[in-house]
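Chemist: Once you've had a glance at the structure underneath, I'll fire off some questions.
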Amino acid sequence: QLQLVESGGGLVQPGGSLRLSCAASGFTLGYYAIGWFRQAPGKEREGVSCISRSDGSTYYVDSVKGRFTISRDNYKNTVYLQMNSLKPEDTAVYYCAAKLEYITTAQAMCVSSSLQWDYWGQGTQVTVSS
């Protein structure tokens, strides 16, 4: 069975940190570009961060630059999103997605509204509130 499983969400206070994990089952993440997306109620889904396969290039939406870090652990077949200095506006359901990488940049994949990602995780809730 081919799937992505997210974990690590939860409730944190503003300024706190969370690390989201996206573990692949049935395929090797090293062959895929990975994206983290989020969706808050009443808002469109937003590409938060993406990482390419071969060159390791990364992209972050402006609102999270300097606070979030995307990374890969090929040994664990897992991708992470380290989220620091969390703000209430970061509250959303976070999804990871994977796609066999085309010749394109991490930014292009993250901002595309038409790109068809191959696999999606089930989502994990992140709530930032005092």
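Values in this text are rule-based calculations from the coordinates and carry no lab data. In this text the structure is predicted, and so the values were computed from the model without any measurement. With ideal geometry, Cβ positions are generated from the backbone for all residues, glycine too; neighbour counts draw on all protein chains shown.
Chemist: Report Rg(Cα)/(2.2 N^0.38 Å) for region 61-114, keeping two decimals.
Modeler: So region 61-114 has a normalised radius of gyration of 1.28.
Chemist: Mean shadow of the chain, computed from the convex hull of its alpha carbons, in nm²?
Modeler: With the hull built on Cα positions only, its mean projection is 7.4 nm².
Chemist: Right, next: Explain nothing, just the number: dipole magnitude of the chain about its Cα centre with +1 on each Lys and Arg Cβ and -1 on each Asp and Glu Cβ, in debye rounded to the nearest 20.
Modeler: In debye, rounded to 20, the chain gives about 160.
Chemist: Another question about this same structure. Pairs of lysines 8 or more apart, or on different chains, with alpha carbons under 21 Å: count those in the chain, would you?
Modeler: Working: Lys43/Lys65; Lys43/Lys87; Lys65/Lys87; Lys76/Lys99.
Going through the chain pair by pair, I get 4.
Chemist: State the extension gain, in nm to one decimal, for the chain segment bounded by Asp55 and Val5, taking 0.36 nm per residue of separation less the distance between their alpha-carbons.
Modeler: 15.6 nm
Chemist: Ignoring everything except DSSP H segments at least 4 long, calculate the 222 nm mean residue ellipticity for the chain; use -39,500 (n - 2.57) per segment, divide by total residues, nearest 500.
Modeler: That calculation yields -1000 deg cm²/dmol at 222 nm.
Chemist: In addition: For a quick check of your reading of the filter: which trypsin sites (Lys or Arg not before Pro) in region 1-74 sit in a DSSP loop and have no more than 10 other Cβ atoms within 10 Å?
Modeler: Lys43, Lys65
Chemist: State, in angstrom, two size descriptors of region 29-106 derived from its alpha carbons: Rg to one decimal place and Dmax to the nearest whole number.
Modeler: So, for region 29-106, Rg and Dmax equal 12.5, 38 Å respectively.
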